[in-house]
1. Among the residues of segment 134-153 satisfying the criterion of being β-branched (Val, Ile, Thr) and part of a loop (DSSP other than H, G, I, E, B), which is farthest from residue 23 (Cα to Cα)?
2. Among the candidates 301, 245, 226, which residue alone is buried (at least 16 other Cβ atoms within 10 Å of the Cβ) and within 24 Å of residue 23 (Cβ to Cβ)?
3. Consider segment 248-267. How many of its residues are open to solvent by 60 Å² or more (accessible area, probe 1.4 Å) and part of a loop (DSSP other than H, G, I, E, B)?
4. Condition (residue is within 13 Å of the ligand (Cβ to nearest atom), open to solvent by 10 Å² or more (accessible area, probe 1.4 Å) and either part of a helix (DSSP H, G or I) or not assigned by TED's automatic domain parsing to the domain that holds residue 114 (or both)) applied to segment 173-181: is it met by at least one residue?
5. Could you check segment 1-92 for strands (runs of 3 or more DSSP E) lying wholly inside it with 2 or more residues that are touching a strand residue (DSSP E or B) at 6+ places or on another chain (Cβ under 6 Å), of a type outside the set (Ser, Thr, Tyr) and open to solvent by 30 Å² or more (accessible area, probe 1.4 Å)?
6. Hey, does segment 289-312 have a residue that's in contact with a Pro (Cβ under 9 Å, 6 or more places away or on another chain) and at pLDDT 95 or above?
7. Would you mind stating whether residue 126 is surrounded by 15 or more Cβ atoms within 10 Å (Cβ to Cβ) and in the same structural domain as residue 51 (by TED's automatic domain parsing)?
8. Only residues that are in contact with a helix residue (DSSP H, G or I) (Cβ under 7 Å, 6 or more places away or on another chain), open to solvent by less than 30 Å² (accessible area, probe 1.4 Å) and near the ligand (Cβ under 10 Å from one of its atoms): list them for segment 142-172, please.
Amino acid sequence: MTNEKPMRVLSGIQPTGGLHLGNLLGAILRWVRMQDEAECLFFLADLHALTVDVEPSELHSNVREMAAALIASGIDPGKSTLFAQSAVPAHAELAWLLQCTARIGWLNRMTQFKEKSGKNREGASVGLYTYPVLQAADILLYQATHVPVGEDQKQHVELTRDIAMKFNNDFDVELFVPPEPFIGGGTAARVMSLRDGNSKMSKSDPSDMSRINLTDSDDSIAQKIRKAKTDPEPLPVEPSALEGRPEARNLVGIYAAVTGESIEQVLSRFAGQGFGAFKPAVADALVALLAPIRDRLEELRHDAAELDRILEAGAARASEIGTPVLARAKAAVGLTR
Ligand code: TRP
C-alpha cells in the first residue's frame, strides 16, 4: 500500500534512577533493536514522575542518569530521538485537550491507578489519576504507530486508542493514529527477583540481592547469582517442566535473554545439570553483557553538559514533529483556526 503511514515507535520510561537487569531485558534492549527497524522516539517521563512524591533536587539528575544509562545500553541519539518529556511543552498542552475527551468512567477502570493509590485513594494526586491521559498525549502527539510497553501498560495503550478514536470522531478529523501496543524488537524477558521467582525484579525491593543493577561490579553480579534462590532439582529437558519452579525458570529465562538463545536451546545444553554448574554460566553471560554497559555509563554520567546537549537536541527534534500535531488539535477543538 502506497499511502500507508510509516511505522513510528515511541516509548517512555520514568526517571526513577537506578536501572536494573529487569529494565534492560524487559524494555531497553528491545528499544535498542527497534532502532534499526523504524523511526524511534524515546523519552524520560519526568512529568509522570511528579504524580507521586519526588525529591526536587534529584529529578533532573535522575533524568540525566537515565539518559546516560539508555545511551550506554545502545540507544543511539544519532538514530533515535531521546529527550525529556518536560522539555517539550506540547505534551502537557495536548494532555489538557485530551482530558476533555477522556471520560471519567474510562479512567475509573485503570488498574494501575487502583494499585498505586491503594487504600489512600482520596489522598492520591489528581495527576496520578489522569496519568494515563498524559501518556495518551505522549503517544498521540507524535502519531506513534507502535508503543513497546510491558504487560502493565497495555491498558494505557488501549485507553489511548479509545481517546484517539473519540477525538477524531467528535471533531470530525483524521488526526490521531490509534497506536498498537507493540511490534518488533524481538521478545522481551520478564525478569523476576533473584530472591523470589514470583515477584518482579524491582528497584523498590529493599534487598539489593534481589536485583542486578547496571552499575554492579563483576564480583557483585557473580555473588548475587551465586546466592540467588533456586531449588535442589537439576535442570529439565522440557521447558514445560519449569512450571512450578519460578526461580529456575527465571535464571533460565535470564540466561536465554542475555545470550539470545531460546529456552529450548539453553535446556538442551544444561539439562540434567544442577545450579552449581548453571549459575557460573549465568554469571559469566551477565558480566559479558553488563560490563561494557557499566563502563560506558561510568564515562557518560560524569558529563552532565554533554547529556544536557543530547537531550536538548532530542527535544528540538521531538518538537518539530509534535508542534504541528498540537496545532491541528487546537484547531480541531476550535481554539485556533
Ligand atoms: N507509564 C509508562 C511506565 O510506567 C511510562 C510512559 C509514560 C510511557 N508515557 C509513555 C510508555 C508513553 C509508553 C508510551 O512504564
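The values are calculated or read from the model by the stated rules, or taken from the named source; none is laboratory data. These numbers were taken from a predicted model, which means no experiment stands behind them. Because the Cβ atoms are built from the backbone with ideal geometry, glycine has one as well, and the counts that use them run over all protein chains shown. Just so you know, the surface numbers come from the protein's heavy atoms only, side chains and all, with ligands and any DNA or RNA stripped out. Shrake-Rupley method; radii C 1.70, N 1.55, O 1.52, S 1.80 Å.
1. 145
2. Criteria check complete, one pass: 301.
3. Matching residues across segment 248-267 total 1.
4. No, segment 173-181 has no match at all.
5. Passing ranges, in order: 8-13.
6. Yes, the conditions are met somewhere in segment 289-312.
7. Taking the combined requirement at face value, the residue does not satisfy it.
8. Once the filter is applied, which keeps residues that are in contact with a helix residue (DSSP H, G or I) (Cβ under 7 Å, 6 or more places away or on another chain), open to solvent by less than 30 Å² (accessible area, probe 1.4 Å) and near the ligand (Cβ under 10 Å from one of its atoms), segment 142-172 yields 142, 147, 148, 149, 156, 160.
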